[in-house]
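All remarks here apply to the structure that follows.
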Amino acid sequence: MNIFKAIFCSSLGKKYIMGLTGLALFGFVIGHMVGNLQIFMGQEKINAYAAMLKSVPKLLWVARIGLLFCVGLHIWAASQLVRENRAARPSRYEVNDPTVTTFASRTMIWSGLIVFAFIVYHLFDFTIAPDYLGHDAKDRHDVFKMVILGFSNPFSSLFYIIANGLLCIHLSHGVKSLFQSLGFSTGQFRGWFDRFAVVIAWVIFIGNTSIPAAVLLGFGKEVL
């Protein structure tokens, strides 16, 4: 009971919850991007990858539920810390100087909530939705065709690109905070870790959005 109280009722505990769930979500984002980029290796490769993931359905559902749990816990800890910080201010009307904070840090809560909504939508749209597109020649779910058809809609692609932009804005600040919490981003190394956070956010944005961009430019249209 004391451990539970120390973790969930103290500011330090909430910061650790944010850090650990953020690390788990960061790892998922990287793995998800690497897996999705296999679409550029062709229909056979991405369908085989999807079939491998679905070959262990119980483990896949544990991963999905765990992902949503981490996102929910991450948002809860963030909102609690924001509330505590506001309550600790001497005056709610003190001048807010935007030059001492970044756009990413000022919009962490909102970008986090939007990313959470996007993850739920993405799970239903691309993974939980009924298999309405049939199977490929090897009787596997035709994930390649599903992705090409989904991103052939400009509005769907635009929503995906905007959501990934918000995700990467969120990550650029979140990864910086993660390194600081772990004690790595200090002294002469702080600049290096801060730059790494920005670079990795750009890598994820370019990697994820390259798929809808390629589809809109004609990639994979031969399967439709």
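The values are calculated or read from the model by the stated rules, or taken from the named source; none is laboratory data. Small disclaimer: the values here were computed from a predicted structure and weren't measured. FYI the Cβ positions are ideal-geometry reconstructions off the backbone, even for glycines, and counts take in every protein chain you see.
As a summary of the residue check, PHE189 satisfies the conditions (1) buried (at least 17 other Cβ atoms within 10 Å of the Cβ); (2) under 25 Å from TYR16 (Cβ atoms); (3) not acidic (Asp, Glu) except for the one numbered (1). Out of the residues in region 14-35 meeting the condition of being in contact with a Phe, Trp or Tyr (Cβ under 9 Å, 6 or more places away or on another chain) and of a type outside the set (A, V, I, L, M, F, W, C), tell me which one is modelled with the highest pLDDT. The qualifying residue modelled with the highest pLDDT is GLY35.
Of the residues making up region 186-224, those that are more than 28 Å from GLY42 (Cα to Cα) and either in contact with a Pro (Cβ under 8 Å, 6 or more places away or on another chain) or outside any loop (DSSP other than H, G, I, E, B) (or both) are GLY187, GLN188, PHE189, ARG190, GLY191, TRP192, PHE193, ASP194, ARG195, PHE196, ALA197, VAL198.
Would you check if LEU217 is surrounded by 13 or more Cβ atoms within 10 Å (Cβ to Cβ), among the aliphatic types (A, V, I, L, M) and over 30 Å from SER55 (Cβ atoms)?
no
Scanning region 174-224 for residues that are touching a Leu at 6+ places or on another chain (Cβ under 8 Å) and over 21 Å from MET33 (Cβ atoms) turns up just one, LEU224. Of all residues in region 34-46, those satisfying the criterion of being surrounded by 14 or more Cβ atoms within 10 Å (Cβ to Cβ) and aliphatic (A, V, I, L, M) are LEU37, ILE39, ILE46.
Of everything in region 132-172 that is touching a residue at least 24 places away in the same chain (Cβ under 8 Å) and in contact with a strand residue (DSSP E or B) (Cβ under 7 Å, 6 or more places away or on another chain), the residue that is surrounded by the most Cβ atoms within 10 Å (Cβ to Cβ) is ASP142.
One residue alone among ALA129, ALA163, ALA213, ALA201 is at pLDDT 90 or above and under 29 Å from VAL62 (Cβ atoms), and that residue is ALA201. Screening region 47-97 for residues that are exposed (fewer than 12 other Cβ atoms within 10 Å of the Cβ), within 22 Å of GLY174 (Cα to Cα) and among the basic types (Lys, Arg) and picking the one that is modelled with the lowest pLDDT gives ARG86.
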